[in-house]
Amino acid sequence: MLNVTIPKTEKVPMILRMEWNDFVRTYDETPAENIVVKDKYWNWSVQVIDLEGINVTAMINPQSLLNQTIHPYGWDSKIVSIDSLANGGEGEIVVKHIVPSGVDVTYRGKSGMILEETDTEIKVQYNDSVNPLSESDMWFHITLVKIKVR
């Protein structure tokens, strides 16, 4: 079992920097300048703003996010503020988690349950008994032996 502590008020940077392969793994898309993808956990739009070598810079699109309810961990979470000047101008989205007790949750394909909730954090236990290969990239070499033409 995997125990995770999540802050009740979470701050998410608006500018995301990652390597090309991490972008593909996260969004199931090949990065391209100005491409807009949907974040499958936060459910908001992310736009690629720069490609440099193997590095991708993307920005969460803050339009119409304020006061929306999202479900990144399997419970209601509300976007309470968007500050584009925070973090030295890179921006920040503040999300407040509203967790009803006794709720089963799913996050990144793992099911879990809430162990404890305080004024500042949520402790969740996830079932991490997933086969480690199920979250890995796998590459195969295939040799074509015969083609039958009809």
Scanning the stretch 62-102 for residues that are aliphatic (A, V, I, L, M), exposed (fewer than 14 other Cβ atoms within 10 Å of the Cβ) and out of contact with any Lys or Arg (no Cβ under 8 Å at 6 or more places or on another chain), which turns out modelled with the highest pLDDT? LEU85
Any residue at all in the stretch 45-57 that's touching a strand residue (DSSP E or B) at 6+ places or on another chain (Cβ under 8 Å), under 27 Å from MET113 (Cα atoms) and surrounded by 15 or more Cβ atoms within 10 Å (Cβ to Cβ)? no
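The values are calculated or read from the model by the stated rules, or taken from the named source; none is laboratory data. Given the structure is predicted, the values throughout are model-derived calculations rather than measurements. Every residue, glycine as well, gets a Cβ built from its backbone with ideal geometry; the counts of neighbours run over all protein chains shown.
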